[in-house]
Amino acid sequence: MGRDTLPVSDVPKELKNRFWKSYLGTGKMYDYIIVELEEGVTTDMKTALLDAIKQGQQMSLKDISLEKHKQYFEDLSEKHKEKLRKQFPVLFQTEFNYVPDTR
């Protein structure tokens, strides 16, 4: 998302909005998420951020599934699920390399 700064509570909605705008504009989404943290970020804060990112991914997956297939992801056939996994890997990313902020 660039060098934007926002509270953790706003991360899910912001991710969802950015993924959606990217999808509407290009039919694609970002390839992956990189997390940059300033020094002194606690484990609890990292956990809260990871949870917020996961929530944003799930919100986006729900929207994309409904848009493309008129069904929730959980109700799709394995073939359609795999197609979405390949087309939008960022929605299924589970590992985030924490990069120290070098500003």
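Would you pick out the residues in segment 65-81 that are within 19 Å of Leu24 (Cβ to Cβ) and exposed (fewer than 15 other Cβ atoms within 10 Å of the Cβ)?
Leu66, Glu67, Lys70
Determine whether Lys81 is under 16 Å from the mean Cα position of the chain (by Cα), outside any loop (DSSP other than H, G, I, E, B), modelled with pLDDT of 95 or more and charged (D, E, K, R).
When the stated conditions are applied, Lys81 does not pass them.
Considering only segment 88-101, I want to know if a residue exists there that is in a helix (DSSP H, G or I), more than 20 Å from Pro12 (Cα to Cα) and in contact with a Leu (Cβ under 9 Å, 6 or more places away or on another chain).
no
Taking into account only those residues within segment 40-64 that are within 22 Å of Arg18 (Cα to Cα) and among the small types (Gly, Ala, Ser), which is surrounded by the fewest Cβ atoms within 10 Å (Cβ to Cβ)?
This residue is Ala48.
Within segment 81-97, can you find the residues that are closer than 30 Å to Thr43 by Cβ and of a type outside the set (A, V, I, L, M, F, W, C)?
Within segment 81-97, Arg85, Pro89, Gln93, Thr94, Glu95, Asn97 meet the criteria.
In segment 29-49, what residues are within 13 Å of the chain's Cα centre (by Cα) and charged (D, E, K, R)?
Hit for segment 29-49 is Asp31, nothing else.
Would you be able to tell me the number of residues in segment 1-51 that are closer than 25 Å to Ile64 by Cα, of a type in the set (D, E, K, R) and not in a helix (DSSP H, G or I)?
Qualifying residue count for the region: 3.
Say we look at segment 11-35 and pick out the residues that are of a type outside the set (S, T, N, Q) and exposed (fewer than 13 other Cβ atoms within 10 Å of the Cβ); which of these is farthest from Leu91 (Cα to Cα)?
Selected residue: Gly25.
The values are calculated or read from the model by the stated rules, or taken from the named source; none is laboratory data. What you are looking at is a predicted structure, and each value in this text was computed from that prediction instead of being measured. Neighbour counts are summed over all protein chains in view; Cβ atoms, including those assigned to glycine, are modelled from backbone coordinates with ideal geometry.
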